[in-house]
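**Q** Quick one: the structure is below, questions incoming.
The values are calculated or read from the model by the stated rules, or taken from the named source; none is laboratory data. Because the structure is predicted, anything quoted here is derived from the model rather than measured. Note that each Cβ is placed from the backbone with ideal geometry, even for glycine, and that neighbours are counted across all protein chains shown.
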Amino acid sequence: MVSVIVPVYRAEKTLERCVGCILAQDYKDLELILIDDGSDDGSPALCDWLAKADSRIRTFHGSNTGAAGARNKGIELAKGEWICFVDSDDVLSPVFLSTLIRQLIDNDADIAVCAHEKCLESDIPDVQHTKLFFDTHTRKTATPPALYHGLDGLKALLYQRGFISAPWGMISARSLWKDLTFPVGTAAEDMGTIYRLFAAASTVCYTDRILYGYVQSACNTVFSTSSERNPDYYMHSHDMLDYVRSTYPDCTRAAESRHFSACFQILSETSPEQKDSELVRKIYDDIKALRRDVLFDKEARRRNRAAAFAVHFSIPAMHHLLYRKYKKEYPPS
């Protein structure tokens, strides 16, 4: 059985669609755990109403602890052999669970991950439009899943080879979560967790089939939350680098490449006027320390190596370029 865990916070506008996508899966051996994270809108009542309509749904009401605490509670309540996280505003292909479960079983794997597609609320107004959305993004030819054994899975995650540091868009063995939890009380908790999950896995599967829809709304851009999220994002990324260096030294170059990416992502969301802030100074120092290793790492992404070359000339200039590009792509609402 798969335990599908959905953290719910102020999700009354999207939760019914999300739950509809989960219940419409062609894989039926599932339980759906809705974790009401202290919502102050109509979400608690909606969770209870949905649970009454289908015996596979269980609802837990708690105080607001954030997504990390909600996911941890979901893991604690889970009865399934497999764990799956879905965000309350996202959507799934009808074959999401069956495809990933088949890969887990066929390959004796601990984690199976699929490709995802970003979309807007207007693209998927209801469950009926979900199948159409995924039909339009289905590849014409099937590509065999990529398999990673041992620490190769961790390296693939850190080198960002199709993987991102997010708990959704995957199914993982319940046993991997025995001694692993999301860090409560911080933002960007995914960055502080997923690399440890991959490090504990013996085999990881990845399919480039798009089976998960990551829904973005006009008021839900990273731009609006970056000032709150990025200090924790940097902290988790730097902790990851230290952890990998000390625990899995063979993966050090991969961890450096991942932290290098994180530094540039934060800079793209941070005004150059804040160049004298403590966070930006730390990032500049990290970029200086890592740029040579990343530049000469043939396994690093081309964009990382190109950035490592460019910042040998000027980090502030690169910072200005990234910020202008980001503002154009995500204008403040």
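**Q** If you take just the helices (runs of 4 or more DSSP H) that sit entirely in the stretch 177-282, which of them hold at least 2 residues that are of a type in the set (Lys, Arg)?
**A** Working: elements: 194-200, 226-247, 252-268.
Answer list for the stretch 177-282: 226-247, 252-268.
**Q** Are any residues in the stretch 234-275 acidic (Asp, Glu) and either surrounded by 15 or more Cβ atoms within 10 Å (Cβ to Cβ) or touching a residue at least 40 places away in the same chain (Cβ under 8 Å) (or both), and if so, which ones?
**A** Asp239, Asp250, Glu256, Glu269
**Q** Next up: Among the residues of the stretch 108-137, write down those that are modelled with pLDDT under 80 and either within 21 Å of the chain's Cα centre (by Cα) or on the phi > 0 side of the Ramachandran plot (or both).
**A** If the condition is that a residue be modelled with pLDDT under 80 and either within 21 Å of the chain's Cα centre (by Cα) or on the phi > 0 side of the Ramachandran plot (or both), then His137 is the only one that fits.
**Q** Further question: For the stretch 274-314, give me the residue count where each residue is closer than 19 Å to Leu241 by Cβ and of a type in the set (Phe, Trp, Tyr).
**A** 2
**Q** Let me ask something else about it. How many of the residues making up the stretch 33-56 are of a type outside the set (D, E, K, R) and without any contact (Cβ under 8 Å) to a residue 12 or more places away in the chain? I'd like the intermediate steps shown before the answer.
**A** Looking only at the stretch 33-56, we keep the residues that are of a type outside the set (D, E, K, R), and these are 33-35, 38-39, 42-47, 49-51, 53, 55.
Add one more test, that the residue is without any contact (Cβ under 8 Å) to a residue 12 or more places away in the chain, and what stays is 45, 49, 53, 55.
Residues that pass the stated criteria total 4.
**Q** Can you confirm whether Leu23 is at pLDDT 95 or above, surrounded by fewer than 19 Cβ atoms within 10 Å (Cβ to Cβ) and not small (Gly, Ala, Ser)? Step through it out loud before you land on a result.
**A** Values: at pLDDT 95 or above: yes; surrounded by fewer than 19 Cβ atoms within 10 Å (Cβ to Cβ): yes; not small (Gly, Ala, Ser): yes.
Answer is yes for this residue.
**Q** Can you tell me how many residues within the stretch 110-150 are farther than 19 Å from Leu15 by Cβ and either of a type in the set (S, T, N, Q) or without any contact (Cβ under 8 Å) to a residue 12 or more places away in the chain (or both)?
**A** 8
**Q** Could you say which residue among Leu154, Leu176 is within 25 Å of Lys73 (Cα to Cα) and of a type outside the set (Lys, Arg)?
**A** Only one candidate passes the filter, namely Leu176.
**Q** Is it true that Val6 is under 22 Å from Phe182 (Cα atoms) and buried (at least 23 other Cβ atoms within 10 Å of the Cβ)?
**A** Here the answer is yes, as Val6 does meet what is asked.
**Q** Could I ask something else about it? Can you tell me which condition Arg58 does not meet? The list is (1) basic (Lys, Arg); (2) under 19 Å from the mean Cα position of the chain (by Cα); (3) surrounded by 17 or more Cβ atoms within 10 Å (Cβ to Cβ), and all the others hold.
**A** (2)
**Q** Here's another thing I want to ask about it. Going through the stretch 167-192 one residue at a time, which ones are surrounded by fewer than 22 Cβ atoms within 10 Å (Cβ to Cβ) and of a type in the set (S, T, N, Q)?
**A** Ser175, Thr181, Thr186
Quick grid of which residues meet (1) among the acidic types (Asp, Glu); (2) within 25 Å of Ala187 (Cβ to Cβ); (3) modelled with pLDDT of 95 or more:
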position	(1), (2), (3)
Val222	no, yes, no
Glu228	yes, yes, no
Met235	no, yes, yes
Ser261	no, yes, yes
Leu267	no, yes, yes
Lys298	no, no, yes
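**Q** Turning to a different aspect of this structure: Give me the residue from the stretch 293-315 that is touching a residue at least 24 places away in the same chain (Cβ under 8 Å) and not acidic (Asp, Glu) and, out of that set, surrounded by the fewest Cβ atoms within 10 Å (Cβ to Cβ).
**A** Checking each candidate, the answer is Arg301.
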